[in-house]
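First comes the structure, then the notes that go with it.
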Amino acid sequence: MIVVTAASGALGRLVVEELLTRFPDRPVAAAVRDPGRCADLTARGVDVRHADYDSPDTLRAALRGADRLLLISSPVMDTEHRTRQHLAAVAAAVDSGVRAVAYTSFLGADAPAAALGPNAAHHTTERALVDSGLAYTILRHPFYTDAFVNGDTLRAAVASGTLVSGTGGRGLNTALRSDLAAAAATVLTDDARTALRPRSGGRHGTDRRRPPRQRLRPDRSTVDVSRARGDPERSHRPPGLPRRRPRRRTDGLSDEPRQGRNAGTADPGPGTAPRPPADSPAAGRDRCPRLMRRGGARHSAQGILGH
């Protein structure tokens, strides 16, 4: 059985949908904090189980009978709290006899420096999986394209004539949740990718997969949006605004894109993604077809990702 944690969230629901659609013969359980939110999944034959990252007993109960687990990272941003939740989930997987875990981490979390940065919880969780004896796959996600190509963002661009970002002109590796969900479903159902092996003896899988290759450039996205809408290509940078802002200390992720730390892309490996990742103009057309047929948008290098 495959168990998906946080299955009532945006990513978790997409993963469950991928599993039900593409692998209907695979039994799936949805581990959620509030089972009442998932009556629709119950109606489709999904085993909905109560699981709270802050309650280890519920995690162990939710993982009973599971041989594969998708551990979707907690939305809690406090590092200590998030780390505690993730370690409880890894421990519950070991105690419950889970044989293979896929974990949604973040790009750069494997770097030694990540132990002290905003990716510290992901870094610690990855190390816990390595030391757990479980077979594992680490899915290092980038920022979600959905956060940039959505109705609110494009509606504001149409109203103001400016497409706003906060990357300082740097590239940004992004992927749609739907593409990442498709890749996760592939990993969960493929013995080779989960490196599924008997738990007695030997070294367990260390397969690490990165997201589908795509890089979003806010300055070029203006061109993408204009082309998708059939408008002239226009761009704009306010006078005196530096292309790259100086480095400064922060407790969040907002400065990392400006420093180019989230610009890299990597091949996720043959067959991981069942379809090519959607590019930003295609995503815009799919999500906001009416907006993408209306007036042009310019680009201003300030705003979306922070101060």
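The values are calculated or read from the model by the stated rules, or taken from the named source; none is laboratory data. From a predicted model like this one, the values you see are computed outputs, not experimental measurements. Note that we place each Cβ from the backbone using ideal geometry, even for glycine, and neighbour counts take in every protein chain shown.
Scan the stretch 1-24 for residues that are outside any helix (DSSP H, G or I), under 23 Å from A61 (Cβ atoms) and touching a helix residue (DSSP H, G or I) at 6+ places or on another chain (Cβ under 8 Å) and the total you get is 7.
Quick check, is A100 under 17 Å from S74 (Cα atoms), modelled with pLDDT of 90 or more, assigned by TED's automatic domain parsing to the domain that holds R60 and among the aliphatic types (A, V, I, L, M)? For A100, the condition - under 17 Å from S74 (Cα atoms), modelled with pLDDT of 90 or more, assigned by TED's automatic domain parsing to the domain that holds R60 and among the aliphatic types (A, V, I, L, M) - is not met. Picking from residues in the stretch 139-155 that are assigned to a helix (DSSP H, G or I) and among the hydrophobic types (A, V, I, L, M, F, W, C), the one that is modelled with the highest pLDDT is A147. Evaluate the following for R49: is it outside any strand (DSSP E or B) and surrounded by fewer than 24 Cβ atoms within 10 Å (Cβ to Cβ)? Considered against the rule, which asks whether it is outside any strand (DSSP E or B) and surrounded by fewer than 24 Cβ atoms within 10 Å (Cβ to Cβ), R49 comes out as no. Summed over the stretch 87-110, residues that are among the charged types (D, E, K, R) and either crowded, with 18+ Cβ neighbours inside 10 Å or part of a loop (DSSP other than H, G, I, E, B) (or both) total 2. For the stretch 83-92, the count of residues that are within 25 Å of V28 (Cβ to Cβ) and out of contact with any helix residue (DSSP H, G or I) (no Cβ under 6 Å at 6 or more places or on another chain) is nonzero.
Could you check, for the stretch 25-45, whether at least one of its residues is of a type in the set (G, A, S) and in a loop (DSSP other than H, G, I, E, B)? For the stretch 25-45, residues of a type in the set (G, A, S) and in a loop (DSSP other than H, G, I, E, B): present.
Taking the criterion of being surrounded by 15 or more Cβ atoms within 10 Å (Cβ to Cβ), modelled with pLDDT under 95 and in a helix (DSSP H, G or I), the only residue of the stretch 111-129 that qualifies is A114.
If you go through the stretch 1-43 and pick out every residue that is surrounded by 22 or more Cβ atoms within 10 Å (Cβ to Cβ) and polar (S, T, N, Q), you end up with 1. The residues of the stretch 66-86 that are surrounded by 18 or more Cβ atoms within 10 Å (Cβ to Cβ) and among the aliphatic types (A, V, I, L, M), listed by number, are A66, L69, L70, L71, I72.
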